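Here the structure comes first, spelled out in structure tokens, and everything after it is commentary.
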Amino acid sequence: MPQDLRSLDAFTDTQRLIVVAAHPDDLETMCGGTIYQLAQRGVEIFSVNCTLGDIGAQDASLNRPTLAAGRLQETDNAAQRLGIRQTFNLGRPDGELLPDLALRAEIARLYRLTQADTLFTFDPFWTGQIHPDHRAAGQAALDAYMPSKMPLYQPAQLNEQGAGLGCLERVFVFSTDRDPNVVVDVTAVYPKKIAATIAHKTQFPEGEANLDWLKEIDHRIGERIGVTYAEQFRQIDVW
Ligand SMILES: [Zn+2]
């Protein structure tokens, strides 16, 4: 392995991890293998999807509330397969996510409630990131980092049971080709990643047969460290 790349040991100090994504199935496809391994190590994992994923269908006759309800159920099924402790959905319409102040506050609230020490989210600065919801989710998640630690920001959030000031210490972005510096071998747990991904039946109705594209991406990343399948992240330095 190249010396500048770290593996699962990048998360040695992680005890509580929050993943901020845009759509149901983002977490599973981007980092499901890493998440499964961290859950196996006893890390408590919280998943946040900003949108309902309610335009995620090619069939225009489907109605959006029905699709949204189905995707919430799929999210829970996938979370069970990966060992995720709790899932949240912020209920925004799919395809229209903006990194506005309201979204920042809702995400900061979850940093405070979960007391997560580590964040995974989309890289909003990768120029190849063409999905606007992915950029927006990543931007809002990074923007919430600092104010969540400040007692005068949205102070009513701190009155909720279990809440405390945000205590994130480590930030990793996924879906990035911008100098990734953490590459995790997920070969041994790849069946778990596939199982969690195909729990999203509305997205992958033919199951694993729909996932050649994903295997290709993960294999290309794996080649960097000489394994069959891997997932990559960039750790952002935060102070
Ligand atoms: Zn997505």
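By the Stokes-Einstein formula, at 0.692 mPa s and 37 °C, the range 114-239 with its Kirkwood radius over alpha-carbon pairs has D equal to 197 µm²/s. Sparsely packed loop sites in the range 173-239 (the GluC sites (Glu not before Pro) outside DSSP H, G, I, E and B with at most 12 other Cβ atoms within 10 Å) comprise GLU206. Here the Kirkwood formula, the inverse mean of 1/r across different C-alpha pairs, assigns the range 48-133 a hydrodynamic radius of 14.6 Å. Legend: helices of the chain (whole DSSP H runs) are marked when their alpha-carbon atoms reach 18 angstrom or more along the helix axis and their mean Kyte-Doolittle hydropathy is at least -1.0; marked are 26-40, 64-82, 101-114, 132-145.
Between amide H atoms placed 1.01 Å from N, distances below 5 Å from PHE122 occur with GLY138, PHE174, all of them 5 or more places distant or on a separate chain.
Within the accessible area of the chain, the carbon and sulfur atoms contribute 51%, probe 1.4 Å, all protein chains present.
Across SER47, SER7, the residue with the most accessible area heads the list, and the full order at a 1.4 Å probe is SER7, SER47. Sorted largest first, the principal axis extents computed over the alpha-carbon atoms of the range 19-68 equal 43, 15, 14 Å.
Ligands, DNA and RNA aside, ASP179 has an accessible area near 110 Å² when probed at 1.4 Å. A cut-off under 10 angstrom between Cβ atoms defines the neighbours of GLU74, and their net charge, with Lys, Arg +1 and Asp, Glu -1, is -1.
With the gyration tensor restricted to C-alpha atoms of the chain, the semi-axes of the equivalent ellipsoid amount to 26, 23, 16 Å, longest first.
Cβ-Cβ distance of ILE236 and TRP213, R₀ of 22 Å, FRET efficiency by 1/(1 + (r/R0)^6): the value works out to about 0.20. Restricting to DSSP loop positions (anything but H, G, I, E, B) with no more than 13 other Cβ atoms inside 10 Å of their own Cβ, which trypsin sites (Lys or Arg not before Pro) remain in the range 1-100? Of the trypsin sites (Lys or Arg not before Pro), the ones in loops of the range 1-100 whose Cβ has at most 13 other Cβ atoms within 10 Å are ARG41.
Across the chain, C-alpha contacts under 8 Å between residues 6 or more apart give a mean separation that, scaled by the residue count, equals a relative contact order of 26 percent. For the pair GLN161 and ASN63, a Förster radius of 30 Å applied to the C-beta separation gives a FRET efficiency near 0.25, rounded to the nearest 0.05. Where in the range 97-138 is the amide nitrogen less than 17 Å from a point lying 7 Å along the Cα-to-Cβ axis of GLN86? Counting only backbone N, you get 106-120. Loop-located chymotrypsin sites (Phe, Trp or Tyr not before Pro) across the range 60-144 with a Cβ neighbour count of 16 or fewer within 10 Å are PHE125, with loop assigned by DSSP.
Cut-off 10 angstrom, C-alpha nodes, Gaussian network model of the chain. Which of ARG104, ARG135, ARG178 fluctuates the most? Result: ARG178 has the largest fluctuation of those listed. For the chain, DSSP calls about 25 percent of its internal beta bridges antiparallel.
The values are calculated or read from the model by the stated rules, or taken from the named source; none is laboratory data. All values derive from a computational prediction rather than experimental measurement. Every residue, glycine as well, gets a Cβ built from its backbone with ideal geometry; the counts of neighbours run over all protein chains shown. The accessibility values were calculated without ligands, DNA or RNA, using every heavy atom of the protein model including side chains. Shrake-Rupley method; radii C 1.70, N 1.55, O 1.52, S 1.80 Å.
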